[in-house]
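What follows is a short report on a single structure.
The values are calculated or read from the model by the stated rules, or taken from the named source; none is laboratory data. It should be emphasised that the depicted structure is a prediction, and the values quoted were computed from it without experimental measurement. Reconstructed Cβ throughout: ideal geometry from the backbone, glycine too, with neighbour counts over all protein chains shown. Accessible surface is based on the protein model in full, side chains and every heavy atom, while ligands, DNA and RNA are left aside. Shrake-Rupley method; radii C 1.70, N 1.55, O 1.52, S 1.80 Å.
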Amino acid sequence: MLLEVLQGTEAGGFILIQDSVNYCGRHLLKSCINTALKREEVVHVLGFEVSQEELNDGLDRTSAQRLHFHNAYSDPLGWTGNSPFTVHQFTLEDISTLLKQTPQAKAVTLVIDSLSWILRHHDPAAICQKLQALKKGGVVRAVIGLLHSDLHQRGTVGSICHLATSVITVAPGTRGLGAFAKITRRTKSGKLMQDEEIFSINEDLTVTIQSKRSHPGSTPMNTDESEVDPTANLTFNLRLSDTQREAKEKLPLPFVFSKEKKSALLHPGTGSGRILYEPDANDDYDQEDPDDDLDV
């Protein structure tokens with residue numbers, strides 16, 4: 001599923017790469033950028049954490065004209081007054097103006113490196129609203145963001161993950177073999193799909209899936225082991241013997257009629273009892289006007 005998320009970014013999608021101090025997700029982020037460039041998309045990067053030279057290292061140089069780096073690394077807070085982009089400009093209006101300054105095709109992918117920088121200087125609720133506006137506003141085709149989950153509260157991380165259509169949580173692999181990725185993908189119908197994979201990133205930033213990790217708690221069943229009987233050491237018997245089971249099956253249920261009883265009820269004999277009622281003169285029984293005694 002990891003390759004499907006990286007290669008098939010759908011319109012209006014929001015891919016969130018979630019890492020921690022144990023494993024950096026920037027190489028996977030650069031792999032997403034490289035994949036988008038190979039799809040001949042225009043990629044705009046809001047770079048807060050690394051320089052343009054460090055980000056471009058390893059990327060496809062033949063597609064450099066479609067990669068636009070907006071430098072928020074040198075002066076992210078705008079203290080010098082001449083920063084190309086600051087953390088306070090993370091709004092739909094400013095991003096739309098920024099994208100219009102460069103010639104581009106219809107397919108535009110916005111990369112945020114990283115959302116943690118923005119969340120440190122903005123209210124998380126406001127950032128969620130701006131991300132939702134970017135998804136629905138039609139300014140960009142897709143949004144790819146990097147989030148350092150161990151720098152924020154669990155509620156903040158959960159709110160950002162709820163907006164994402166795909167969440168990739170990365171962690172170091174066991175015994176130093178590759179890395180572990182837990183992928184949660186939400187389809188357009190609202191269905192959630194989850195998978196866990198062991199992957200590695202090559203020098204050309206391509207992703208190789210090494211294996212799929214079994215889900216936690218799912219262990220293979222051993223058919224050779226004898227089944228444990230939970231009623232073995234009880235002081236009373238919960239099982240029925242063959243004689244008891246046969247007697248239970250022959251016992252008629254109280255509300256189930258036998259054939260003889262059904263026949264007797266449906267076809268009563270001549271000697272069956274009947275109830276005859278003749279109204280008395282004091283009954284004042286009037287079939288035409290049953291409310292005549294009300295004097296109305």
So how many residues does the range 98-127 have that are more than 23 Å from the chain's Cα centre (by Cα) and either on the phi > 0 side of the Ramachandran plot or hydrophobic (A, V, I, L, M, F, W, C) (or both)? 7
Matching residues in the range 142-196 (under 19 Å from T109 (Cα atoms) and touching a Cys at 6+ places or on another chain (Cβ under 8 Å)) number 4
Of all residues in the range 49-91, count the ones that are farther than 21 Å from A36 by Cβ and either of a type in the set (V, I, T) or in a helix (DSSP H, G or I) (or both). 6
Identify, from the list T174, T165, T169, the residue that is over 19 Å from L192 (Cα atoms) and polar (S, T, N, Q). T174
Restricting to the range 104-123, count the residues that are within 12 Å of H44 (Cβ to Cβ), part of a loop (DSSP other than H, G, I, E, B) and either touching a His at 6+ places or on another chain (Cβ under 8 Å) or of a type outside the set (G, A, S) (or both). 1
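State whether the residues of the range 167-175 include one that is in contact with a Pro (Cβ under 9 Å, 6 or more places away or on another chain) and open to solvent by less than 70 Å² (accessible area, probe 1.4 Å).
Step one: of the range 167-175, the residues in contact with a Pro (Cβ under 9 Å, 6 or more places away or on another chain) are none.
Taking every residue of the range 167-175 in turn, none turns out to be in contact with a Pro (Cβ under 9 Å, 6 or more places away or on another chain) and open to solvent by less than 70 Å² (accessible area, probe 1.4 Å).
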Among N56, N82, N71, N22, which is the only one that is under 22 Å from G158 (Cα atoms) and open to solvent by 30 Å² or more (accessible area, probe 1.4 Å)? N22
The lone condition T102 fails out of (1) closer than 27 Å to D204 by Cβ; (2) surrounded by 19 or more Cβ atoms within 10 Å (Cβ to Cβ); (3) at pLDDT below 90 is (2)
Anything in the range 144-161 that is part of a helix (DSSP H, G or I), more than 12 Å from C24 (Cα to Cα) and open to solvent by 60 Å² or more (accessible area, probe 1.4 Å)? List them, or say none. L151, R154
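For residues in the range 85-95 being closer than 24 Å to E41 by Cβ and over 29 Å from the mean Cα position of the chain (by Cα), which is least open to solvent (accessible area, probe 1.4 Å)?
F85
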Among (1) modelled with pLDDT of 70 or more; (2) open to solvent by less than 90 Å² (accessible area, probe 1.4 Å), T243 falls short only on (2)
Matching entry among K191, K130, K135 (being surrounded by 13 or more Cβ atoms within 10 Å (Cβ to Cβ), free of Cβ contacts under 8 Å to residues at least 60 places away in the same chain and either of a type in the set (K, R) or at positive phi (or both)): K130
Just to be sure, is S218 assigned to a loop (DSSP other than H, G, I, E, B), at pLDDT below 75 and surrounded by 10 or more Cβ atoms within 10 Å (Cβ to Cβ)? no
